[in-house]
Structures are given as structure tokens and as C-alpha cells.
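A.B. asks: The structure under discussion is supplied below as C-alpha cells; questions concerning it will follow.
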Amino acid sequence: MNYHKLLTILVLLAVSCQKQQSTENTSQPEKTTTKKPNIIIFYVDDLGYGDVSSYGATLVNTPNIDKLADNGLKMTDAHCSAATCTPSRYSLLTGSYAFRNKAAILPGDAPLIIDTTMATIPSMLKKTGYNTAVVGKWHLGLGDGTLNWNNEIKPGPIEVGFDYCFLIPATGDRVPCVYVENHQIVGLEANDPLTVSYEGPIDDEPKAFEHPELLRYASDRQHSDDIINGVGRIGYMSGGNKALWVDEEFPDILTQKSKEFIQKNKDNPFFLFYSFHDIHVPRLPHPRFEGKTEMGPRGDAIVQMDWCVGEIVNQVEALGIAENTLIIFTSDNGPVLNDGYEDLAVEKLGKHSPAGPFRGGKYSAFEAGTRVPTIAYWPGKIQPKESSALFSQVDLFTSLAKLTQTAVENNDAPDSFNLLPVLLGESEKGREMLIEESVLVLSLRKDQWKYIPPTEKEAPWMIDKGIEGGFQTTPQLYDLSKDIGEQENVADQFPEIVKEMDAQLKIIETAKGTRQGFGL
Ligand code: NG6
Ligand code: CA
């Protein structure tokens, strides 16, 4: 072999070695970047904008949530889609405004309101290889209208895309007060079948409205039907005695179920919808959280909820999957103090401001109804930052589809915009418009304006609860750039804007959807 030939062979060998090395080098990071991230949504119930310390609370300390806010994206103009639970959950999971399906607060025996043919976040993620679970409050109905709680409980979460569910079926204050795991009530005994009614009493047990002396704390008439665990509830149930939950155990049981799901799925992409009971009524924190604040059970429930967040985040870190896990922390509607129980939430509030700088609260058309703490946390991927981009939970569907490179079919998630760059803190370009659904009207946000249309309807029960609904018989217009507290109605000064926004609202209301190219 002459010298030249040898040299050529050596050079070729060197080049091919280098090539191989370089493909090895590039294939390694490629592999990690294409690995689909786990997604956890912490969905807190009735948590107001001002209820956590990273959003200004001083009378309650939430170190675990603060850690997410300080090291992630802290959003200041992010909204649940409605000021009550069922519609917000419906919108979050389906990417469709709940009013298109007239979804309102459901009784505990309501049938499932998500059409099983509809795309949902879990069904969309499942298509792309995720294992999916919901743990905690459901409140989107179960069964098809002929449900027998003693048989298979379906359709429900499993039929709309979740691989696993462990549920508080409706709310903590509504019967049935039992857990549902997948298609069964946990701990139900065959010789003690469960019956549920929202019509009237179905057994001879003492009722809260007749025997307030049996209650741990007083409740209004709506929360004074059957007595479970010493607390009056909405609705009646009979049987299922061994299956009854103990409210104080919610944080431990729900956190444990979530941890088991994460542990099992640590090696494949998973989606966990951790849907809290806290800080909804009845507020019965575990004794170890009692007295953690000066604010009584409502404040203590915030501390308890923060502890649960910490438990899950610590587990994710301990498993070494934190850098491949997107965590979203938010709430289903604004704050409420007295929501039916005399639990000292009003009396012990002190200087705490559950709504932060905003007006209104749960049920309300004012900002505090839907503007809620919202954090996106993903170490190494999302840089610590505050964002004032306008964002809605209805956008999570398309944004998460984009994140996981999953196609959104034309008819799916009709109101959900791709705001992934906002969610990852890469852009401040949020929504141009936002609908805020209250119990009586839909309001519209655009530019600096907030428009609340006139209504003849009233919500007198809100006055009893001391919540400002923001409902008036004349139009309301607020300039949020100057008046974040919605104090000065400027509708008379800007009739053109009122007219324009009213017309826009009607278009959105009657359209099939608002996503680009969909029905508009
Ligand atoms: C209301 C209940 C309230 C709460 C709410 C649902 C009355 C008077 N009030 O109807 O206590 O349960 O429904 O809250 O019954 S939510 O967060 O699930 O929307
Ligand atoms: Ca709620």
C-alpha cells in the first residue's frame, strides 16, 4: 500500500469516526428534547388572586406555591373561564366555552355533561402516548341519567380520556360523600347499597335543618339536608355507610393517590389533573393544620393545600423528573368567604384580601370572579418571570397540544388558542379578547376595557354572602389601565366602545367557536 492510499484510508476512517461521534452527540440531546414532558395541573377550588403569599397575601404563608412562582412564570392576568366551578372545569378540559353547552353548577346526581365524542385534554394527550389521571373533585357529572351508584359508574372521566380517576364526585358540600375510583365507589358494601336524592329525604336519619344542635358548625338552609361527618350537606343519601369519606383526610388521601399515579408513570409521559377540594366549603382541614393561620379554617385550608403542592413537587424532584415536568398551578374561580357555613371565614379575615386588588369574587362579573393565581413552572425550560399577558384556561387545550406536537382537529377545542409561547414565558402576546363568565352575564375584555352588559336578572343570594356581583340594568365599562378595581363606570363617556364591545360579545356568544378559522 503506498503512502497516499494509506493516508486516504486513515482520513476516511477519521472522518467516519467523527461523523459517528457527532451523530451520537447530537442524537443524545435530541432524544431528551423530544421526550414528551409530563404535565401536572394543580387545580385549586375557590382560591382567590390574593390568597397566596406570592400574590400578596401576608396573613398566610404558602412557601411551596411561592417556590413555583419565584422560579417559574407568574401570570398576573390569567383567568379561569368562569366564576364558578363546573363551567371552568368544562372549558379547561374541552377548550370550549361552557356557555355553548349551558354548563352551570351541577347537583351531585347530575349526568356527565361532557359529550364522550368530544376531544378533551386527556383524550388528546392519550392519543400521543400519555397516561392520564384525575384525582380529586370532578363536578362534571357522572352516568347517563339512569345512574345506579351501586353498579358501574359510567360514563365519567374514563370515558372522556382519563386512564385513571379517584374522585370526589361533585363537591365536598354535596352528596354522595364517597370516593369513586374508576367505575366504583370505594369501600361500598353489597349489603348496604347507596341511594342519592336531590328531591327530599330518603331515610329517617336526623336532618341538618331540623337538628342544628348535631352540627359541628351551622349552615344555611341549602347546606342543611343530610348530616355527614357532623356537617350539613346539599342533598340526601342513604346507605353506603362504610364508604363515607372523612373530610379531614382529603389532603392525605388525594395526595397519596396522586403520588401513586406519578410513581407508576415516572418512566412514561403522564398527565395528572390534581383537582383539590381545598379551599371550598366545608372547610375542615386536618387537625395538624388547625390554627396554622389566624384566619380560621379558610386560612388553614390554604396552608394545607400548599402542603399538598409541596408533597407532589418534592416527589417529582426526588424521582429526578422535574426537568421534564411542566407544572401549572391555578384555581377554578375567585374567592368566597361565607359560602353556606359559619366557619368564621368572615369574622377572622383580618387584613387579608382574598381578591387581591380586584373587585368581586366567586360568581361575580367583576375581575376577581375569574382572575386567579396562575403559575407555570418547569425548571430549565421556563425562566423566572412575571407575565401580564391575557390568558385563559380555555387556551390550555391547544397550547398543550402544541407542546406535545399533537394535531388539533378542526372541530376540537373551538375556543382554545395556541398560547404556548405565553405559557412558556417566551412571549407577552396574549389573547386579544377574553370572555369572563359570571353566574348571570358574560363580560368582555379587550385592550384596556372591561365591558359588563346590562341585565335585568338579579342574584340576591350573593348580597347575603357579601359578594358584589357587578350586575346592573345599565351597561358598565371600566378602563382597567387606570382603574384595576373597577370603581368608575365610564360607559357614558365612551358609548362607541360600549356599542362595539356589545356587538362583539354577541358574535362570540353565537359563534360555534372563536379559534382562528373556526365558525367566525
Ligand atoms: C352553590 C352553593 C355553594 C357552592 C357552589 C358550588 C348554595 C346556596 N350554594 O350553589 O355553597 O357549593 O354551589 O361551588 O347552595 S363551586 O365552586 O363548585 O362552583
Ligand atoms: Ca370552585
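The values are calculated or read from the model by the stated rules, or taken from the named source; none is laboratory data. Since we're looking at a predicted model, the values are computed, not measured. Cβ placement follows ideal geometry from the backbone for every residue including glycine, while neighbour counts extend to all protein chains displayed. SASA here: full protein model, heavy atoms, side chains in, ligands and nucleic acids out. Shrake-Rupley method; radii C 1.70, N 1.55, O 1.52, S 1.80 Å.
A.B. asks: Which count do you get for residues in the range 155-182 that are open to solvent by 10 Å² or more (accessible area, probe 1.4 Å) and either farther than 24 Å from residue 99 by Cα or not in a loop (DSSP other than H, G, I, E, B) (or both)?
C.D. replies: Going through the range 155-182 one residue at a time, the tally reaches 8.
A.B. asks: To continue, here is another question. Need pairs with beta-carbon distance below 6 Å; first residue under 17 Å from residue 261 (Cβ atoms) and within the range 296-313, second among the aromatic types (Phe, Trp, Tyr); sequence gap 6+ or separate chains.
C.D. replies: 309/42
A.B. asks: Name, by its number, the condition in (1) closer than 30 Å to residue 399 by Cα; (2) open to solvent by 10 Å² or more (accessible area, probe 1.4 Å); (3) not β-branched (Val, Ile, Thr) that does not hold for residue 287.
C.D. replies: (1)
A.B. asks: Okay, moving on. Just a yes or no: is a residue in the range 301-311 open to solvent by less than 20 Å² (accessible area, probe 1.4 Å), in a loop (DSSP other than H, G, I, E, B) and under 26 Å from residue 484 (Cα atoms)?
C.D. replies: The answer is no; no qualifying residue exists.
Here's the yes/no breakdown for (1) within 24 Å of residue 506 (Cα to Cα); (2) touching a residue at least 24 places away in the same chain (Cβ under 8 Å); (3) open to solvent by less than 70 Å² (accessible area, probe 1.4 Å); (4) within 20 Å of the chain's Cα centre (by Cα):
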{"position": "381", "(1), (2), (3), (4)": "no, yes, no, no"}
{"position": "395", "(1), (2), (3), (4)": "yes, yes, yes, yes"}
{"position": "403", "(1), (2), (3), (4)": "no, yes, yes, yes"}
{"position": "413", "(1), (2), (3), (4)": "yes, yes, yes, yes"}
{"position": "423", "(1), (2), (3), (4)": "no, yes, yes, yes"}
{"position": "436", "(1), (2), (3), (4)": "yes, yes, yes, yes"}
{"position": "462", "(1), (2), (3), (4)": "no, yes, yes, no"}
{"position": "483", "(1), (2), (3), (4)": "no, no, yes, no"}
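A.B. asks: Look through the range 210-239, keep the residues that are among the polar types (S, T, N, Q) and more than 17 Å from residue 297 (Cα to Cα), and return whichever of them is least open to solvent (accessible area, probe 1.4 Å).
C.D. replies: Among them, the one singled out is 224.
A.B. asks: Can you tell me how many residues in the range 327-348 are more than 11 Å from ligand 1 (Cβ to nearest atom) and out of contact with any helix residue (DSSP H, G or I) (no Cβ under 8 Å at 6 or more places or on another chain)?
C.D. replies: 3
A.B. asks: Continuing with this model, one more query. Just one of (1) within 16 Å of ligand 2 (Cβ to nearest atom); (2) buried (at least 24 other Cβ atoms within 10 Å of the Cβ) trips up residue 327, so point out which.
C.D. replies: (1)
A.B. asks: Go through the range 50-130 and tell me which helices (runs of 4 or more DSSP H), entirely inside it, have 2 or more residues that are open to solvent by 60 Å² or more (accessible area, probe 1.4 Å).
C.D. replies: The qualifying helices (runs of 4 or more DSSP H) are 63-71, 121-127.
A.B. asks: Against the conditions (1) touching a residue at least 40 places away in the same chain (Cβ under 8 Å); (2) within 30 Å of residue 406 (Cβ to Cβ); (3) assigned to a loop (DSSP other than H, G, I, E, B); (4) not aliphatic (A, V, I, L, M), where does residue 263 fall short? Just the number, please.
C.D. replies: Condition not satisfied by residue 263: (3).
Results for (1) in contact with a Phe, Trp or Tyr (Cβ under 7 Å, 6 or more places away or on another chain); (2) modelled with pLDDT of 95 or more; (3) more than 16 Å from ligand 1 (Cβ to nearest atom); (4) among the aromatic types (Phe, Trp, Tyr), shown as yes or no for each residue.
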residue: 56; (1), (2), (3), (4): no, yes, yes, no
residue: 61; (1), (2), (3), (4): no, yes, yes, no
residue: 68; (1), (2), (3), (4): yes, yes, yes, no
residue: 75; (1), (2), (3), (4): yes, yes, yes, no
residue: 91; (1), (2), (3), (4): yes, yes, no, no
residue: 96; (1), (2), (3), (4): no, yes, yes, no
residue: 100; (1), (2), (3), (4): no, no, yes, no
residue: 104; (1), (2), (3), (4): no, no, no, no
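A.B. asks: List, please: which pairs have Cβ atoms under 9 Å, are six or more places apart or on different chains, and start with a residue in the range 118-130 that is on the phi > 0 side of the Ramachandran plot and end with one that is surrounded by fewer than 24 Cβ atoms within 10 Å (Cβ to Cβ)?
C.D. replies: Hits for this filter: 129/36; 129/268; 129/269; 129/404.
A.B. asks: Identify all residues within the range 408-461 that are within 22 Å of residue 373 (Cα to Cα), hydroxyl-bearing (Ser, Thr, Tyr) and in a loop (DSSP other than H, G, I, E, B); write none if there are none.
C.D. replies: 416, 427, 438
A.B. asks: May I ask you to say which residue of 259, 207, 266, 242 is basic (Lys, Arg), surrounded by fewer than 22 Cβ atoms within 10 Å (Cβ to Cβ) and in contact with a helix residue (DSSP H, G or I) (Cβ under 6 Å, 6 or more places away or on another chain)?
C.D. replies: 259
A.B. asks: Continuing with this model, one more query. Determine if the range 191-204 includes at least one residue that is touching a Phe, Trp or Tyr at 6+ places or on another chain (Cβ under 9 Å) and closer than 21 Å to residue 273 by Cα.
C.D. replies: no
A.B. asks: Same structure again: Going by the structure shown, is residue 369 within 30 Å of residue 270 (Cα to Cα), open to solvent by less than 10 Å² (accessible area, probe 1.4 Å) and not basic (Lys, Arg)?
C.D. replies: So residue 369 does not fit the description; no.
A.B. asks: Determine whether residue 66 is free of Cβ contacts under 8 Å to residues at least 40 places away in the same chain and of a type in the set (Asp, Glu).
C.D. replies: Taking the combined requirement at face value, the residue satisfies it.
A.B. asks: Determine whether the range 140-160 contains at least one residue that is within 16 Å of ligand 1 (Cβ to nearest atom) and within 17 Å of the chain's Cα centre (by Cα).
C.D. replies: yes
A.B. asks: Every residue in the range 335-352 that is touching an Asp or Glu at 6+ places or on another chain (Cβ under 9 Å) and not hydrophobic (A, V, I, L, M, F, W, C), please.
C.D. replies: Selection gives 335, 338, 339, 340, 341, 342, 348, 350, 352.
A.B. asks: Test residue 187 against the criterion of being within 16 Å of ligand 2 (Cβ to nearest atom) and small (Gly, Ala, Ser), and give yes or no.
C.D. replies: no
A.B. asks: Can you say whether residue 326 is at pLDDT 95 or above, among the aliphatic types (A, V, I, L, M) and part of a loop (DSSP other than H, G, I, E, B), as far as the supplied structure shows?
C.D. replies: The answer is no for residue 326.
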